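Each reported figure results from applying straightforward, stated rules to the coordinates on display, with no laboratory input. Keep in mind it's a predicted model, so treat the numbers as computed, not measured. Neighbour counts are summed over all protein chains in view; Cβ atoms, including those assigned to glycine, are modelled from backbone coordinates with ideal geometry.
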Amino acid sequence: MKQRIITAVIAAAVFLPIVIYGKLPFVAFIYFLATVGLFEAMRMKRMSMASVPGVLSLLLLWFLMIPSNMFEADSLILSKMDFILLIALLLLSYTVLSKNRFTFDDVGFLLISTIYVGLGFYYFIEIRELALAFVFFALFVIWTTDSGAYFIGKSMGKTKLWPEISPNKTVEGSLGGVICAIVVALIFHFVVDFDHSLFITIIIASLLSVFGQIGDLVESALKRHYKIKDSGSILPGHGGILDRFDSLLFVLPLLHFIHIFLF
């Protein structure tokens, strides 16, 4: 626990000022986090980034993360969908060149992993560009959900949520996390004065809390499938980048969609 706290304090001291400042340093930092995240995903599959598939996946990751405010869509020679298809075709071609040592399943893993990590972090950049308050709203909801689920689950949890995926999580803890997230979201609503009703804030907080927990479970399922404890070791006591950002990779795209439909 002491190691976790020390790491969390140091990480926050580095992470939060960059998020608050924004601009190019923030974009560069998010690119770094996403690159490490893709490296961790590939390592689970025992793939090397210093390979043809690794380089192609990295190029796709960086292309997917190009912020919308840096280039107009019609100024790019290829759209992001075009580039996904191009990389998919190149990866499929490599299955032939490698004489099937690199397989169709490997292609699928790399494409899904790159899209999952790349677009998840891309929406981090987009939400920060939209409003710093939205970033902190998402962070507070996720952090409160995690803390509430942990402490309430530890003290009151009896019913296992999904033992095959994450044996320690409970239904009581999960519901407690959602309730804690709603409480913090209500406080945030009055402090920031969002331009929508209290009811909408409750709905949004509930959705983000639930989807954040789903993101956490997805990462747990991935690690269990590949029989590893943590995605990486870059954050002592916490694991890797994917371990720490698994909830946000689900929450930030959802927040983007909510903003499109509700605001």
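So here's what we get for this one:
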| read-out | value |
| --- | --- |
| Long-range HN-HN contacts of Trp162 with modeled amide H, under 5 Å | Lys169 |
| In nm, spacing of pseudo-spin labels at Ser155 and Met49 (7 Å Cα→C-beta vector) | 4.1 nm |
| Sites matching trypsin sites (Lys or Arg not before Pro) across the range 128-201 that sit in DSSP coil, with at most 11 neighbouring C-beta atoms within 10 Å | Lys158 |
| Reach of Lys169 by Cα under 15 Å, taken over aspartates and glutamates that are not fewer than 8 positions away in the same chain | Asp146, Asp216, Glu219 |
| Per-pair calculated FRET efficiency, R0 = 30 Å: Ile5 and Ser206 via Cβ, rounded to 0.05 | 0.55 |
| The chain: C-alpha gyration tensor shape, a/c 1.5 cut-off, then a/b vs b/c | oblate |
| Tyr226/Val171 FRET efficiency (R0 25 Å; Cβ-Cβ; nearest 0.05) | 0.40 |
| Distance (nanometres) between label positions extended 7 Å along Cα→Cβ at Ala88 and Ile187 | 4.5 nm |
| Axial C-alpha extent at least 27 Å, average Kyte-Doolittle at least 0.0 - helices from the chain (DSSP) | 2-21, 23-44, 104-130, 132-156, 171-192, 198-225, 241-262 |
| Centre separation in Å (Cα based) which lies between the range 132-177 and the range 210-263 | 13 Å |
| Residue pairs, from the table Lys45/Lys154; Lys99/Lys229; Lys158/Lys223, whose Cα atoms sit over 30 Å apart | Lys45/Lys154; Lys99/Lys229 |
| For the chain: relative contact order, % (alpha-carbon pairs under 8 angstrom, 6 or more apart) | 21 percent |
| For the chain, the longest site-free run once GluC sites (Glu not before Pro) in DSSP loop states with at most 14 other Cβ atoms within 10 Å are removed | 165-263 |
| Cα lying deepest toward the dipole's positive end in the chain, options Val96, Val107, Tyr226, charges on Cβ | Tyr226 |
